[in-house]
Amino acid sequence: MGSAAGVAAGASVQGLGAGAGSHLELLGGTSTQSTPLNEREMAILAFERQWWRFSGAKEQSIRAEFDMTPAVYHQVLSALLDDPRALEFDPILVRRLLRLRQARHQARIARRESR
């Protein structure tokens, strides 16, 4: 797969080690509204905006594009969705992803209650 998300964000993306700590560490720093999103954060949002346009499984694309496991990628994405800078950067995408995350959470709760 090509580096479409990296090109869309204007830079190549370096991966993270599996032993990373907090969500903010995974994002590459601290969350302050005065600093803009870094290149990796913008590339992740660009990837989420358009990953379905490319052939192959999303997990394979995540490994190829970001050199990280899908689990780590989703931890980074989750922290990014909670970052107000991401909402400011791409409000439509972030709100859509937050709605999807909330729907998955509600479905898990419903499944637990039905047992």
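Some points to look at:
- Residue within the stretch 26-45 that is at pLDDT below 90 and assigned to a helix (DSSP H, G or I) present: yes
- All conditions but one from (1) exposed (fewer than 14 other Cβ atoms within 10 Å of the Cβ); (2) modelled with pLDDT under 50; (3) among the aliphatic types (A, V, I, L, M); (4) within 13 Å of the chain's Cα centre (by Cα) apply to Ala71; the one that does not is (2).
- Of residues in the stretch 57-115 being β-branched (Val, Ile, Thr) and in a helix (DSSP H, G or I), the one nearest to Glu39 (Cα to Cα): Val76
The values are calculated or read from the model by the stated rules, or taken from the named source; none is laboratory data. Since the model is a prediction, treat every value here as computed from it, not as a measurement. Please note: Cβ atoms are built from the backbone with ideal geometry, for glycine as well, and neighbour counts cover all protein chains shown.
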